[in-house]
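The values are calculated or read from the model by the stated rules, or taken from the named source; none is laboratory data. What you are looking at is a predicted structure, and each value in this text was computed from that prediction instead of being measured. Methodologically, a virtual Cβ is constructed for each residue, glycine included, from the backbone with ideal geometry; neighbour enumeration extends over all protein chains shown.
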Amino acid sequence: MINFIKKLFSSRYEVVFRMYEVIPGRPVKANEKKFKFEKGADIEAKAFYDKVLASLMENKLSPSEVVLLKGRKAIQSKEFGPVAELKKLAA
């Protein structure tokens, strides 16, 4: 019963991966992939976030960013490449 109530009021977790496609002469395009987790699945979400970061560092995919969300608030984020400048161009 207590676990049910605890899970009921827990936040949802989400890992968002954005990869920016830059082709000269064309507008910047952002491809976004969201991975949603159940309420209270903070350990699984953090482990997946770390796994995605390790994969990005190994494969050197740039420009891209990974964000770990708790509800709607970003807990952690990591950018690879000139993401801030590309966000301005993609908007």
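Summary of computed values
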| item | result |
| --- | --- |
| In the stretch 41-64, the residues that are of a type in the set (D, E, K, R) and within 14 Å of Ile75 (Cα to Cα) | Asp42, Lys46, Asp50 |
| Those residues of the stretch 4-49 which are part of a helix (DSSP H, G or I), over 28 Å from Leu89 (Cα atoms) and within 12 Å of the chain's Cα centre (by Cα), in sequence order | Ala45, Lys46, Phe48 |
| Flag for Met57 being out of contact with any Asp or Glu (no Cβ under 7 Å at 6 or more places or on another chain), under 15 Å from Gly81 (Cβ atoms), free of Cβ contacts under 8 Å to residues at least 24 places away in the same chain and not in a loop (DSSP other than H, G, I, E, B) | yes |
| Pairs, first farther than 23 Å from Phe37 by Cβ in the stretch 68-91, second part of a strand (DSSP E or B), C-beta under 6 Å, six or more apart | Val83/Glu65; Leu86/Tyr20; Ala90/Ala30 |
| Per-region count, the stretch 31-69, residues among the small types (Gly, Ala, Ser), closer than 17 Å to Met19 by Cα and surrounded by 17 or more Cβ atoms within 10 Å (Cβ to Cβ) | 1 |
| Test result for Lys33, modelled with pLDDT of 95 or more and among the charged types (D, E, K, R) | yes |
| Identity of the residue in the stretch 62-91, more than 14 Å from the chain's Cα centre (by Cα) and part of a loop (DSSP other than H, G, I, E, B), that ends up nearest to Arg26 (Cα to Cα) | Ala91 |
